[in-house]
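Participant: Pasting in a structure now, in structure tokens, and then I'll have a few things to ask.
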Amino acid sequence: MRYFLLSILLLAACNSGGRDEQNTDSYDLITQKVYVLRQVKPVAGDTTAAAAQQKQQELISYLEQHQFTRHVAAKDSLLFRRSNGQEVIIELPVPQDTWESHTLIVFDPQKNPLFVNLHKGTEQIDEYIKTK
């Protein structure tokens with residue numbers, strides 16, 4: 001009997017009825033099928049930046065072919081809200097190099113966000129799209 005009451009209390013605690021509404025003003029709220037990038041100003045003559053930008057643009061073209069739309073990060077605090085109500089918060093650190101400043105994050109509301117490795121090809125995006 002004691003375990004029965006304990007299990008009922010545990011279920012009641014897990015099913016609190018509603019989701020706590022949190023203040024999202026300090027976050028860049030993302031709920032759509034998008035890829036997120038930072039606004040980066042090009043540096044003339046920097047071959048590393050040019051290579052990173054070219055690789056980023058190749059992946060952006062591929063994402064847009066798969067109906068992902070552009071979202072420029074307005075803040076360093078991102079809140080991804082999935083269609084099932086789950087939320088994922090990502091705090092973007094200050095970029096340490098050119099490649100980090102060209103980071104892409106892919107988000108489908110049915111899934112968790114994916115950080116795209118610019119050094120890898122489109123296989124990582126294909127795998128993300130295929131997973132349920």
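The values are calculated or read from the model by the stated rules, or taken from the named source; none is laboratory data. Quantities reported herein were computed from a predicted structural model and do not represent experimental measurements. FYI the Cβ positions are ideal-geometry reconstructions off the backbone, even for glycines, and counts take in every protein chain you see.
Participant: What's the number of the only condition in (1) surrounded by fewer than 18 Cβ atoms within 10 Å (Cβ to Cβ); (2) in contact with a strand residue (DSSP E or B) (Cβ under 8 Å, 6 or more places away or on another chain); (3) touching a residue at least 24 places away in the same chain (Cβ under 8 Å); (4) not β-branched (Val, Ile, Thr) that LYS111 fails to meet?
Facilitator: Going through the list (1) surrounded by fewer than 18 Cβ atoms within 10 Å (Cβ to Cβ); (2) in contact with a strand residue (DSSP E or B) (Cβ under 8 Å, 6 or more places away or on another chain); (3) touching a residue at least 24 places away in the same chain (Cβ under 8 Å); (4) not β-branched (Val, Ile, Thr), LYS111 breaks only (2).
Participant: Condition first: touching a helix residue (DSSP H, G or I) at 6+ places or on another chain (Cβ under 6 Å) and surrounded by fewer than 17 Cβ atoms within 10 Å (Cβ to Cβ). Now tell me which residues in region 67-102 satisfy that.
Facilitator: Within region 67-102, PRO95 is the sole residue that qualifies.
Participant: Kindly list the number of the only condition in (1) under 24 Å from TYR27 (Cα atoms); (2) surrounded by 13 or more Cβ atoms within 10 Å (Cβ to Cβ) that fails for ILE125.
Facilitator: Answer for ILE125: the failing condition is (1).
Participant: Looking at region 35-56, is at least one residue of a type in the set (Lys, Arg) and either part of a strand (DSSP E or B) or at pLDDT 95 or above (or both)?
Facilitator: Yes; the residues of region 35-56 include at least one that is of a type in the set (Lys, Arg) and either part of a strand (DSSP E or B) or at pLDDT 95 or above (or both).
Participant: I'm checking my understanding of the structure. Among residues of region 57-87 that are among the acidic types (Asp, Glu) and at pLDDT 95 or above, which one is farthest from the chain's Cα centre (by Cα)?
Facilitator: Among them, the one singled out is GLU58.
Participant: In this structure, is ASP126 in contact (Cβ under 8 Å) with a residue 24 or more places away in the chain and either out of contact with any Lys or Arg (no Cβ under 8 Å at 6 or more places or on another chain) or within 14 Å of LYS33 (Cα to Cα) (or both)?
Facilitator: Against the criterion (in contact (Cβ under 8 Å) with a residue 24 or more places away in the chain and either out of contact with any Lys or Arg (no Cβ under 8 Å at 6 or more places or on another chain) or within 14 Å of LYS33 (Cα to Cα) (or both)), ASP126 does not qualify.
Participant: Quick check on my filter: what residues within region 24-45 are over 18 Å from the mean Cα position of the chain (by Cα) and under 19 Å from ARG82 (Cβ atoms)?
Facilitator: None; the set is empty.
Participant: Determine which single condition VAL40 fails, assuming it passes every other condition in (1) more than 25 Å from ASN23 (Cβ to Cβ); (2) surrounded by fewer than 14 Cβ atoms within 10 Å (Cβ to Cβ); (3) among the hydrophobic types (A, V, I, L, M, F, W, C).
Facilitator: (2)
Participant: Here is a further query. Hey, does region 88-103 have a residue that's over 30 Å from VAL43 (Cβ atoms) and at pLDDT 95 or above? Show your work before the answer.
Facilitator: Taking region 88-103 as the starting set, the residues that turn out to be over 30 Å from VAL43 (Cβ atoms) are 88-89.
Then keep just the ones that are at pLDDT 95 or above; that gives 88-89.
Scanning region 88-103, I find at least one residue that is over 30 Å from VAL43 (Cβ atoms) and at pLDDT 95 or above, so the answer is yes.
Participant: Inspect region 31-41 for any residue being within 19 Å of PHE115 (Cβ to Cβ) and free of Cβ contacts under 8 Å to residues at least 60 places away in the same chain and give the result as yes or no.
Facilitator: Checked region 31-41: at least one residue is within 19 Å of PHE115 (Cβ to Cβ) and free of Cβ contacts under 8 Å to residues at least 60 places away in the same chain.
Participant: Here's something else I'd like to know. What number of residues within region 93-132 are more than 19 Å from GLN65 (Cβ to Cβ) and not in a loop (DSSP other than H, G, I, E, B)?
Facilitator: Qualifying residue count, region 93-132: 5.
Participant: Can you find, within region 21-34, the residue that is modelled with the highest pLDDT among those that are loosely packed, with under 11 Cβ neighbours inside 10 Å and farther than 25 Å from THR69 by Cα?
Facilitator: We begin by selecting, within region 21-34, every residue loosely packed, with under 11 Cβ neighbours inside 10 Å; these are 21, 23, 25-26.
Adding the requirement that they be farther than 25 Å from THR69 by Cα leaves 21, 23.
Numbers: GLU21: 60, ASN23: 75.
Residue satisfying both the conditions and the ranking: ASN23.
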